[in-house]
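The values are calculated or read from the model by the stated rules, or taken from the named source; none is laboratory data. All values derive from a computational prediction rather than experimental measurement. Neighbour counts are summed over all protein chains in view; Cβ atoms, including those assigned to glycine, are modelled from backbone coordinates with ideal geometry. Protein only, heavy atoms only, side chains kept; ligands, DNA and RNA dropped before computing areas. Shrake-Rupley method; radii C 1.70, N 1.55, O 1.52, S 1.80 Å.
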Amino acid sequence: MIADGAEDEEKWLAAGAAAFKQNAYYMQRAIDSNNLKDALKYSAQMLSELRTSKLSPHKYYDLYMRAFDELRKLEIFFMEETRRGCSVIELYELVQHAGNILPRLYLLCTAGSVYIKTKEAPAKEILKDLVEMCRGIQHPLRGLFLRSYLAQISRDKLPDIGSEYEGDADTVNDAVEFVLLNFTEMNKLWVRMQHQGPAREKERREKERSELRDLVGKNLHVLSQLEGVDLDMYRDTVLPRVLEQIVNCRDEIAQYYLMDCIIQVFPDEYHLQTLDVLLGACPQLQPSVDIMTVLSRLMERLSSYAALNAEVLPYFLQVEAFSKLNNAIGKVIEAQEDMPILSAVTLYSSLLKFTLHVHPDRLDYADQVLGSCIKQLSGKGKIDDIRATKELVTLLSAPLEKYNDVVTALKLTNYPLVMEFLDNETKRIMATVIIRSIMKNKTIITTAEKVEALLELIKGLINDLDEPQGLEVDEDDFEEEQNSVARLIHMLYNDDSEEMFKIISVLKNHFLTGGPKRLKFTVPPLVVSALKLIRRLPVEGDNPFGKEASVSATKIFQFLNQIIEALPNAPSPDLAFRLYLQCAEAANKCDEEPIAYEFFTQAYILYEEEISDSKAQVTALQLIIGTLQRMRVFGVENRDTLTHKATGYSAKLLKKPDQCRAVYACSHLFWLEDHDTIQDGERVLLCLKRALKIANSAQQMSGTARGSTGSVTLFIEMLNKYLYFYEKGIPQITVESVESLIQLVKNEESLTSEPSAESFFASTLRFMELKKEKGGAIGDRYEEIKL
Amino acid sequence: MPSRRRTLLKVIILGDSGVGKTSLMNQYVNKKFSNQYKATIGADFLTKEVQFEDRLFTLQIWDTAGQERFQSLGVAFYRGADCCVLVYDVNSMKSFDNLNNWREEFLIQASPSDPENFPFVLIGNKVDVDGGNSRVVSEKKAKAWCASKGNIPYFETSAKEGTNVEEAFQCIAKNALKSGEEEELYLPDTIDVGTSNQQRSTGCEC
């Protein structure tokens, strides 16, 4: 039976429409032949179809619209009849002869419409009569449509201000009374529907009620369109009466819908001036009413009203819109004990958006909202509703989006407290949002105090949080997050060295206590930041004001040492090693010998104790040799110690070719072209000879192990080193030693079997030729070499 | 059957929420304008008598809710429309982009007998706003759209200042009249021999 419902309904509608059309046809014919009696008879029969109880609101509306169109023709006919001399009063009586009440009332409304138009009686009398007569229909569906017909035909005949129906006796008050009465009656019918029929059909009934809602709401639309409903009239009559009806009906559907209607159909200006009354009704509504949506929409409307009309802003302040809304929300949440946390958060989110738009200069308002929000959340622990969490992120993002400047958000003292309610994952998401906002807007954070506040906000990314068991953070996500923190460090900057040092010190304190696993991401940019600061420091003794600078290079180097020190514990020894060398170079530039030496020592210790992989050793040693070569700050003793160690490391590498290469690279440590005191040809030669010896033994080893050649390449590399120093004119590097090395390579059998070595050698020879051709002092030296 | 001289023309105004449908109707019918935004609920109409080629017509202008949640009973009132007016706000691209939806929705729901040639009129409203500086939909773009939909007449109006409103509705009335949407022809399938109607219909005026 229920399954066939829709199909049956189609049949009923089709049957109703057919009977309807037939009667409409005869009605039209009667009209065409000016036969009033028949016109009334057939129209009444036609309207009888509206007496059905078998149609759903949608289908009934279909039939109603047909009737509506036909009745317009009848109305025109009535009008013509009165012009032909038929008394409208008689007509008004005549239509009441219809046998059934529903057709009778439709006809009465139609005749009433003509009656008002003829102005033979005051509009208000007729309207009053009609709205009272309509009480005759108490069936909700039929009653609602009948009254909506009355609303529609009276729409342009209300004694509104400026209307032709306004008169001494007829005022806009009568118009308002009429519409309010009709509204009240309709709402009663509508609400009563909820309580009719069996309980199991509740869902269907609610769907039907929902479909019918606009018939009721339409009355509010009519009121809003009345010229005479000015602010006073609205405040003193319309709003209190409508709200009274809404509150007293105690019906969830009606309350939710009609509150929304009021907000949407009446102008913002009115809402602003009657906020007390409107908001005062909210806590009186049924606890199940979705007041959150209603209030959110109100705030949305008011925000865009303020956004579009800057001149109304003073009124917002004058009526204290913000505090009224804030209070109302508090009261509503209090009144609705079971309100889900999501609704509460959404309400505050809307309020925050409202105040950010309307009062962008009132940060205290925004902070108040956050404070109220905290009050609601506290005692409830972390939020576990995903949607509520999302809404909280929206709420927290709003100030960032509004001001495009995290510095402003940092002034909101309640902001970090709200963040406390987020679970760890969301905290991190929120932190990333904050960082993204900073990067996007290129916001520079300039004081240590603000940096401290910022770090508090993003501490989800700075500190290890107590993760519940089994909830490991994804490796890639973690890396991504930490990289964003690393980028952030470069946005924390102040031209003033002292403040800048404070900033990096704050960072240091947080990073060092935040757990070891993020250090490898955060320490390098912090080192870079500190090194940059060193470079900016005035040269010592260059301080014209004689002011004792509180930030000295020494102090920063100390700082650097402390942060890099943390790295070996955070299993990143290779990274610490590199950073030490970098710092050593910086100390070199600052002419700080003991500090540079200290950094080198640290790097050496790491090399010895932590770097065990042979490939990593090769790379590390190259870095040591390269850095050491560039150092100018060391005195003889320190330098000797360091170079001695470096050559020692070189000879101890695992593979012979690596040893050879490292040792010959060490030769550079003894001959610095631009440095008179470091030009020790003997030791250069010593290095080269030692390297050559290693190359020889490498060759012998490869001779036994068949197939692994490559030592010839080593000899060619050696030749190139020899040439380099020979060209520099180091006396210990003789032309003979070069020649014998060339001969050695030429005699090497494997040379022809190794195309890469062969072309390397050819290039080397060609290079020598070129040098010769170029002539000059260098050319002359090359000239001496006999090939 | 005599073809009755049609005197009632039904016009439906459609468009996004806030483009000024109600304001256009109020300006045309009552010569009034209010700057306040008031949402429309359901469907509402006003009538206006218009003179055209020495004949008097009643223009029944249906204003509709742009917000879907205020259209709970559906659109049965589309039926029998003689012209459909599509309105957008020249300062809102979204309201222009949605015109296609409104047009298609109307053709589906009203199902006119000849959808290809059903008369539409396009109105770009709010040309007065900010002296035209905040305008985002150009006249050219709007006209191109009209051309692509079978040369829909186009008007740029300001309901606030009354600019072009009268002209637009003149055109709307003219097109409604030409629409050729005849009322459903109905012939009763059962003929009651005994009734007086029967007698009248044998002696009909055709």
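Considering each of A:Glu420, A:Glu425, A:Glu401 in turn, give the residue that is surrounded by fewer than 19 Cβ atoms within 10 Å (Cβ to Cβ) and closer than 12 Å to A:Glu456 by Cβ.
A:Glu420
When A:Ala6 is evaluated against the numbered criteria (1) within 27 Å of B:Gly42 (Cα to Cα); (2) assigned to a loop (DSSP other than H, G, I, E, B), which criterion, by number, is the only one it fails?
Here A:Ala6 meets the rest and fails (2).
Of the conditions (1) more than 10 Å from chain A (Cβ to nearest Cβ); (2) open to solvent by 10 Å² or more (accessible area, probe 1.4 Å), B:Thr58 clears all except one; give me its number.
It fails just one condition, (1).
Name the residue that is modelled with the lowest pLDDT, counting only residues in segment A:518-554 that are under 14 Å from A:Ala586 (Cα atoms) and open to solvent by 80 Å² or more (accessible area, probe 1.4 Å).
In this case the residue turns out to be A:Val539.
Suppose we filter segment B:31-48 for residues that are in contact (Cβ under 8 Å) with a residue 12 or more places away in the chain, at the interface with chain A (Cβ under 8 Å from one of its Cβ atoms) and more than 25 Å from A:Glu211 (Cα to Cα); how many remain?
Residues that pass the stated criteria total 1.
Going by the structure shown, is B:Gln51 open to solvent by 10 Å² or more (accessible area, probe 1.4 Å), over 20 Å from B:Val165 (Cβ atoms) and either in contact with a helix residue (DSSP H, G or I) (Cβ under 6 Å, 6 or more places away or on another chain) or of a type outside the set (D, E, K, R) (or both)?
So B:Gln51 does not fit the description; no.
Among the residues that make up segment A:619-640, is at least one of them closer than 22 Å to A:Ser759 by Cα and in a helix (DSSP H, G or I)?
No, segment A:619-640 has no match at all.
Test of understanding: among A:Tyr270, A:Tyr305, which residue is crowded, with 20+ Cβ neighbours inside 10 Å, touching a residue at least 12 places away in the same chain (Cβ under 8 Å) and over 17 Å from A:Arg235 (Cα atoms)?
A:Tyr305
Could you please tell me which pairs satisfy a Cβ distance under 6 Å, a separation of 6+ or placement on different chains, a first residue in segment B:144-170 that is at positive phi, and a second residue that is at pLDDT 95 or above and part of a loop (DSSP other than H, G, I, E, B)?
Filtered contacts from segment B:144-170: B:Asn164/B:Thr157.
Is it the case that some residue within segment A:154-161 is without any contact (Cβ under 8 Å) to a residue 12 or more places away in the chain, within 13 Å of another protein chain (Cβ to nearest Cβ) and either closer than 21 Å to B:Asn26 by Cα or open to solvent by 20 Å² or more (accessible area, probe 1.4 Å) (or both)? Show your work before the answer.
Step one: of segment A:154-161, the residues without any contact (Cβ under 8 Å) to a residue 12 or more places away in the chain are A:156.
This time we only want the ones that are within 13 Å of another protein chain (Cβ to nearest Cβ), so: A:156.
From what is left, the residues that are either closer than 21 Å to B:Asn26 by Cα or open to solvent by 20 Å² or more (accessible area, probe 1.4 Å) (or both) are A:156.
Yes, that holds for at least one residue.
As an exercise: evaluate A:Ile76 against (1) under 19 Å from A:Leu150 (Cα atoms); (2) in contact (Cβ under 8 Å) with a residue 40 or more places away in the chain; (3) within 12 Å of chain B (Cβ to nearest Cβ); (4) open to solvent by 10 Å² or more (accessible area, probe 1.4 Å) and give the number of the one condition it does not meet.
Unmet condition: (2).
Let me confirm something: among A:Lys218, A:Lys207, which residue is under 18 Å from A:Leu158 (Cβ atoms) and either open to solvent by 10 Å² or more (accessible area, probe 1.4 Å) or not small (Gly, Ala, Ser) (or both)?
Being under 18 Å from A:Leu158 (Cβ atoms) and either open to solvent by 10 Å² or more (accessible area, probe 1.4 Å) or not small (Gly, Ala, Ser) (or both) holds for just one of A:Lys218, A:Lys207, which is A:Lys218.
The rows are residues; the columns are (1) at pLDDT 95 or above; (2) under 19 Å from B:Ser179 (Cβ atoms).
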site: B:Ser23; (1), (2): yes, no
site: B:Gly42; (1), (2): no, no
site: B:Val50; (1), (2): no, yes
site: B:Ile61; (1), (2): yes, yes
site: B:Arg69; (1), (2): no, no
site: B:Asp82; (1), (2): no, yes
site: B:Tyr88; (1), (2): yes, no
site: B:Phe106; (1), (2): yes, yes
site: B:Leu122; (1), (2): yes, yes
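Okay, residues lined up against (1) surrounded by 15 or more Cβ atoms within 10 Å (Cβ to Cβ); (2) not aliphatic (A, V, I, L, M):
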site	(1), (2)
A:Glu609	no, yes
A:Gln617	yes, yes
A:Leu654	no, no
A:Gln659	yes, yes
